[in-house]
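Data block below; observations after.
The values are calculated or read from the model by the stated rules, or taken from the named source; none is laboratory data. Here the structure is a predicted model, which is why all the values come from computation and not from measurement. Glycine gets a Cβ as well: all are built from the backbone with ideal geometry, and neighbour counts include every protein chain shown.
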Amino acid sequence: MNQSNANHGRHDAVAVRSRPRWAAAERFQRTEWSGVRAALRGITRRAVILVAALQPFLVIPANAALTITGTRVIYHEASKSVIVPVTNLDNQPVLVQSWITNAQNEDDPAIPFAIAEPLFKVEPDRSSDVRIFYAGQGMPSDRESMMFLNIMGIPVKPTQQNTVQFAIKQRLKLFYRPNALSGSVSDAVAALRWQTKRDQIEVTNASPFHVSLIDLDLQWQGGHRAISDYLLLEPGATQVFDATVTHTVGPLRMRFVEINDVGLQVPHEVDLP
C-alpha cells in the first residue's frame, strides 16, 4: 500500500523566525481571549471574486506576486509570538487575510492560537508580518502538534477592465513545539524503526516530533522501486507500504530524504531487516 500523504503537501522549507517579545504581544495578553476568538470567527474564509460589469471576462490570478517566507512555522512554547513575513511584489495593493485551521485543515474554535491582525493591506513593493499568538494553554506538552496557517491575497481592485480576479490561498504547516521535548527532528529521523513483513515495509516514528520525508525508494542489487514521494509521520505514527517484488532480490535498502527544521534536504540510507 503506497500512501503519499498528499494532503500535507510536497516540500517543507525554511523555518520562520520567532521574536521573543513585542509590544503587540503584551497588548494581546491583556485582551479577553474569548473576545479575540469571537472576532476572528466572524471573518469570512471565502475567496474574494471581483467581477467587472462588461463581458467577455478575462480571468487573472489575484495574488501571484504575494510571496511568503518559508512553508513551515515552528512555534516554540517559550516564544511570545511568531511572525511570518509576506511581501507584495506587484504594482497594486493587496489585502492579506490569514487564519489557522487544525491538522485536517478544518476550522476549529478550540485551537488556542490567534492572529493579531487577520486582515491588513500591503502596498506595492512593501512587506508586512502575519503575527501569531498562543493563548498559553490548551496544547499537549508531551509531543509536537501540527496545524495549518492559511494566507490569502485579496485584490483591492481589478488591474484591467472586464476582468475576473480570483484570490489564491497559500497554506503553511504550523508546528507547536513544547519546551519539555528533548532531541530534534533529525534525531527522530535517525531513530525511525523500519521493518519488513512479507511484501510490506513498516516504518514507525516513536519520537514526539513530526517527521517529513521525500523520495522514498526501495533498492536492491540491480534494481529499485519508488515507494512514496512524500511522507509525513506524526508522533507515534506507523506507516505501512506495499513492497511486493516479482523475484528474489536479496538484501533491501531504503533511500529517502529528510526535510529538517531549516528546510535542508538530508539524504539517508537504511538497511532493512
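Annotations for the structure displayed:
- The set of residues from the range 210-251 being modelled with pLDDT under 90 and part of a loop (DSSP other than H, G, I, E, B) comprises GLN221, GLY222, ALA243, THR244, VAL245, THR246, HIS247, THR248, VAL249, GLY250, PRO251.
- Among the residues of the range 86-103, those that are in a strand (DSSP E or B) and over 15 Å from the mean Cα position of the chain (by Cα) comprise VAL86, THR87, ASN88, VAL94, LEU95, VAL96, GLN97.
- Of residues in the range 252-270 being part of a loop (DSSP other than H, G, I, E, B) and of a type outside the set (A, V, I, L, M, F, W, C), the one farthest from GLY223 (Cα to Cα): ASP261
- So ASP142, is it touching a residue at least 40 places away in the same chain (Cβ under 8 Å) and either acidic (Asp, Glu) or on the phi > 0 side of the Ramachandran plot (or both): yes
To keep it simple, each residue is scored yes or no on (1) on the phi > 0 side of the Ramachandran plot; (2) surrounded by fewer than 20 Cβ atoms within 10 Å (Cβ to Cβ).
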residue	(1), (2)
SER186	no, yes
VAL189	no, no
GLN200	no, yes
HIS210	no, no
LEU213	no, no
ARG225	no, yes
PRO235	no, yes
GLY250	yes, yes
LEU264	no, yes
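- Residue in the range 167-179 that is farther than 23 Å from ILE115 by Cα, of a type outside the set (Lys, Arg) and surrounded by fewer than 16 Cβ atoms within 10 Å (Cβ to Cβ) present: no
- For the range 183-213, a residue qualifies if it is without any contact (Cβ under 8 Å) to a residue 60 or more places away in the chain, over 21 Å from GLN265 (Cβ atoms) and under 22 Å from the mean Cα position of the chain (by Cα), and the qualifying residues are THR204, ALA206.
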